[in-house]
1. If I ask for residues that are of a type in the set (D, E, K, R) and closer than 22 Å to Gln34 by Cβ, which ones from region 108-136 would you list?
2. Could you figure out which of (1) in contact with a strand residue (DSSP E or B) (Cβ under 8 Å, 6 or more places away or on another chain); (2) at pLDDT 85 or above isn't true of Leu216?
3. Evaluate region 151-169: report whether one residue or more is closer than 26 Å to Asp123 by Cβ and of a type in the set (Asp, Glu).
4. Could you look through region 133-159, keep only residues that are out of contact with any Asp or Glu (no Cβ under 7 Å at 6 or more places or on another chain) and farther than 30 Å from Thr178 by Cβ, and pick out the one that is surrounded by the fewest Cβ atoms within 10 Å (Cβ to Cβ)?
5. Being at pLDDT 85 or above, closer than 30 Å to Leu190 by Cα and within 32 Å of the chain's Cα centre (by Cα) is the requirement here; does Asn133 meet it?
6. Regarding Cys148, is this residue more than 17 Å from Asp195 (Cα to Cα) and of a type in the set (A, V, I, L, M, F, W, C)?
7. Select from region 97-135 the residues that are more than 23 Å from Gln199 (Cα to Cα) and touching a residue at least 40 places away in the same chain (Cβ under 8 Å) and list them in ascending order.
8. With the condition being more than 30 Å from Val31 (Cα to Cα), I'd like the strands (runs of 3 or more DSSP E) fully within region 109-162 carrying at least 1 qualifying residues.
Amino acid sequence: MKGREFTLPSLIILTLLFCTETPGSSAVTFVFVQKRKDVLLDVKEDEIPKYLFIFKWTFKVDNSLITFSLGREPTVTDDYSGRVEFSVKLKNLQEADSGVYTAQVKGPQDTVKLTEYNITVQDPVSPVDLTVNSVSSSSDSCNLTVTCSTKHAHISSIFTCDTTTCYQEGGEQSEVTTSGASLHVYLSNLSVICDHSNQVSWTRDMKNIEHICALLAAKTERESVDDDHFDFFLKITLLSFKEINN
């Protein structure tokens, strides 16, 4: 059987790793795919026995995707028509497409399993939001309380910076959401970073601590100057009032 070459779409390129197998056995390759993307299920040409009657891809053991019979054109099941090609490329995956895909050949005497893919289709994660809840400072430090949140999960954390370094109380924090994604908040290069990710996508929001603390310091200085001006104006007013009364 001659192989056919197909070019993967630019939307997704997966590097699929194969294990060396003994005849009649198959290692499972686990692959995560973003919903509505495509995936290539590959069988190397040197894995296919020289003499065969039927080559077949199946889904969840019983559902046939495509069948190649010696000397005949490939037969594609109606449910997968327009979605598969020879090696096999499965297009526009949905959650229902998650499962085990098996390539097998039927020879003169027995059926041999060539390879298996365990495909998990996931939605991309939602955007994440990093909110600064409060900021306070003293003469030698600045403290931030932040919340890293998505629609269904959140993490709050406190960060402190002194004149030499910044640190996160309790260290890096993470949480697994109800959808199985990971929410993670941590400190890197004077920035608070909030990540939301799963095996197929990733979103991020971040805030620079130096910038926030500098804004607070400038605001505090302005308020201090305003207070001094107010005190001076009040004293002048009181003195003027006393002179008028005298």
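1. Here is the first cut: in region 108-136, the ones of a type in the set (D, E, K, R) are 110, 113, 116, 123, 129.
The answer is Glu116, Asp123, Asp129.
2. (2)
3. No, there is no match, as no residue in region 151-169 is closer than 26 Å to Asp123 by Cβ and of a type in the set (Asp, Glu).
4. Selected residue: Ser139.
5. So Asn133 fits the description; yes.
6. Considered against the rule, which asks whether it is more than 17 Å from Asp195 (Cα to Cα) and of a type in the set (A, V, I, L, M, F, W, C), Cys148 comes out as no.
7. Selection gives Ala103, Gln104, Val105, Lys106, Gly107, Pro108, Asp110, Val112, Lys113, Leu114, Val132, Val135.
8. Details: elements: 111-122, 129-137, 141-149, 154-162.
So the answer is 129-137, 141-149, 154-162.
The values are calculated or read from the model by the stated rules, or taken from the named source; none is laboratory data. None of these values were measured; they are calculated from a predicted model. Glycine also receives a Cβ, built like all others from the backbone with ideal geometry; neighbour counts cover every protein chain displayed.
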